[in-house]
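Have a look at the structure below, then the notes.
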Amino acid sequence: MKAKNRTQFLTHAALIAALYVVLTYLANLLGLANYAIQVRFSEALTILPVFTAAAIPGLTVGCLLSNILISAHPFDTLFGTLATLLAAVLTYLLRRRHPVFATLPPIFANAATVPFVLIFAYGLDDLTAYPFFFLTVGIGEVISAGILGLLLYYALRKRKNLF
């Protein structure tokens, strides 16, 4: 990778991370970033690996920093960041498919992971709550990564050359 391309890659990743942090912080101020029902506006950015591989480190670092900023539990920070990394990689791999398929990795990664975090990190210690949290977190992800992510995709698709 040439120096110009590396610089552009790092710049894109840093901008995506910064946007993720700002949007998560905004959702947190509105009480939407944590617990059973989460509608993080930043999750709309999880569609960006369709356009650029720079979104993979951008989303991962953005998730890590935003969870630290909003004082999420360390397990939440660790496993949420790992779920975001996995979802970003899978979204990138699905980039040539219909964009609806690209929204599925963040929806399922978070719907599967976050309930365990809520149960164990936040002291619920009752696995019978998992289906409820899977549903509530999943609904939040459908709204943020699915609906808002697709809106972002259609807004950006004609501007692919920017990436």
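The values are calculated or read from the model by the stated rules, or taken from the named source; none is laboratory data. Nothing here was measured: the structure is a model prediction, and the numbers come from that model. Backbone-built Cβ (ideal geometry, glycine too); neighbour counts: all protein chains shown.
Residues of the stretch 31-61 being more than 11 Å from the chain's Cα centre (by Cα) and not in a helix (DSSP H, G or I), which ones? Passing the criteria: G31, L32, A33, N34, Y35, A36, I37, Q38, F51, T52, A53, A54.
For the stretch 67-84, does any single residue satisfy the condition of being touching a residue at least 24 places away in the same chain (Cβ under 8 Å), closer than 20 Å to I147 by Cβ and either of a type in the set (S, T, N, Q) or assigned to a helix (DSSP H, G or I) (or both)? Within the stretch 67-84 (the criterion being touching a residue at least 24 places away in the same chain (Cβ under 8 Å), closer than 20 Å to I147 by Cβ and either of a type in the set (S, T, N, Q) or assigned to a helix (DSSP H, G or I) (or both)), the answer is yes, since at least one residue qualifies.
Within the option set L118, L64, being in a helix (DSSP H, G or I) and either farther than 24 Å from T11 by Cα or touching an Asp or Glu at 6+ places or on another chain (Cβ under 7 Å) (or both) holds for one residue only, L118.
When you go through L59, L93, L104 one by one, which is the residue that is closer than 23 Å to V21 by Cβ and either acidic (D, E) or modelled with pLDDT of 95 or more (or both)? Testing whether each residue is closer than 23 Å to V21 by Cβ and either acidic (D, E) or modelled with pLDDT of 95 or more (or both) leaves just L59.
Would the stretch 85-94 turn up any residue that is in a loop (DSSP other than H, G, I, E, B) and surrounded by 17 or more Cβ atoms within 10 Å (Cβ to Cβ)? Step through it out loud before you land on a result.
Going through the stretch 85-94, the residues in a loop (DSSP other than H, G, I, E, B) turn out to be 94.
The next check asks that each one be surrounded by 17 or more Cβ atoms within 10 Å (Cβ to Cβ); those that pass are 94.
Yes - at least one qualifying residue is present in the stretch 85-94.
Number of residues in the stretch 7-50 that are surrounded by fewer than 21 Cβ atoms within 10 Å (Cβ to Cβ) and within 20 Å of L93 (Cβ to Cβ) equals 2.
Of all residues in the stretch 95-113, which are over 17 Å from Y130 (Cβ atoms) and either part of a helix (DSSP H, G or I) or among the hydrophobic types (A, V, I, L, M, F, W, C) (or both)? Full working, then the answer.
First pass over the stretch 95-113, keeping only residues over 17 Å from Y130 (Cβ atoms): 95-106.
Within the stretch 95-113, P99, V100, F101, A102, T103, L104, P105, P106 meet the criteria.
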